[in-house]
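Q: Here you go, one structure.
The values are calculated or read from the model by the stated rules, or taken from the named source; none is laboratory data. Values in this document were obtained by computation on a predicted structure and should not be read as measured data. Glycine gets a Cβ as well: all are built from the backbone with ideal geometry, and neighbour counts include every protein chain shown. Keep in mind that these areas ignore ligands, DNA and RNA; they rest on the heavy atoms of the full protein, side chains included. Shrake-Rupley method; radii C 1.70, N 1.55, O 1.52, S 1.80 Å.
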Amino acid sequence: MSKKSAGLLLFRDVSAYLEVLLVHPGGPFWAKKDEGAWSIPKGEFDEDEDPLVAAKREFEEETGVAPSGDLIPLEPLRQPSGKVVYAWAMKGDFDPAALKSNTFSMEWPPKSGRQQEFPEVDRAAWLSIEAAKRKILKGQAPFLVQLLEKLGNPPESPDGGGAVGRDTTPLRQRSLFDGDQ
């Protein structure tokens, strides 16, 4: 049986343009990856769990904020790995500086016998649709297209590119890989 995940795609209007909230996975494997590495806040759920309940739980676990608002169902997507991701879009706001992700433990460095804790999500950012298309995992990119279709294809950004009128440089949680930054 293939694995299943569920998550929420938070969006907002900024100066009549659309932005979406994406998160960057934490841990050593993702530390130096950027384009094609970001995701909607999501996580796996069990066969007997409702996908929407899981999506809300995972959003809160990965961001530290309980989601609230009207939900727009998106069509589930099968990822290249075979996993199926269920998602809902929700209009809302979130301050990336307030990110508080849960953590996971793994042996690091490999074969060292030492367990280390890492945040599941090490940063979050609001991105224009065009920027999000470059940053998001390939298998999740169709969620952006679905969102635009459900909203009647609003303008993606004023310049077809990145941020809308301000700096949206992703904010990070500190990790062991930050050194003395």
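Q: As an exercise: evaluate residue 33 against (1) over 12 Å from the mean Cα position of the chain (by Cα); (2) modelled with pLDDT of 95 or more and give the number of the one condition it does not meet.
A: Single failed check for residue 33: (2).
Q: While we're here: Output the number of residues of region 3-26 satisfying the condition of being at negative phi, out of contact with any Lys or Arg (no Cβ under 6 Å at 6 or more places or on another chain) and not in a strand (DSSP E or B).
A: Of the residues in that region, 1 qualify.
Q: Sticking with this structure for a sec: Just one of (1) crowded, with 23+ Cβ neighbours inside 10 Å; (2) out of contact with any Pro (no Cβ under 8 Å at 6 or more places or on another chain) trips up residue 59, so point out which.
A: Exception for residue 59: condition (2).
Q: Quick check, is residue 52 among the hydrophobic types (A, V, I, L, M, F, W, C), outside any strand (DSSP E or B) and either surrounded by fewer than 20 Cβ atoms within 10 Å (Cβ to Cβ) or without any contact (Cβ under 8 Å) to a residue 60 or more places away in the chain (or both)?
A: yes
Q: Identify the single condition in (1) open to solvent by less than 20 Å² (accessible area, probe 1.4 Å); (2) under 18 Å from residue 104 (Cβ atoms); (3) outside any strand (DSSP E or B) that residue 29 does not satisfy, given that it satisfies every other one.
A: Condition (1) is where residue 29 drops out.
Q: Still on this structure: Just to be sure I understand, how many residues within region 90-139 are outside any loop (DSSP other than H, G, I, E, B), polar (S, T, N, Q) and either closer than 18 Å to residue 44 by Cα or touching a residue at least 24 places away in the same chain (Cβ under 8 Å) (or both)?
A: 4
Q: Further, regarding this structure: Looking at region 108-133, which of its residues are buried (at least 20 other Cβ atoms within 10 Å of the Cβ), more than 19 Å from residue 19 (Cα to Cα) and more than 12 Å from the chain's Cα centre (by Cα)?
A: Selection gives 118, 119.
Q: A further question follows. Could you check, for region 95-107, whether at least one of its residues is in contact with a strand residue (DSSP E or B) (Cβ under 7 Å, 6 or more places away or on another chain), of a type in the set (Ser, Thr, Tyr) and either surrounded by fewer than 12 Cβ atoms within 10 Å (Cβ to Cβ) or more than 23 Å from residue 3 (Cβ to Cβ) (or both)?
A: The answer is yes; a qualifying residue exists.
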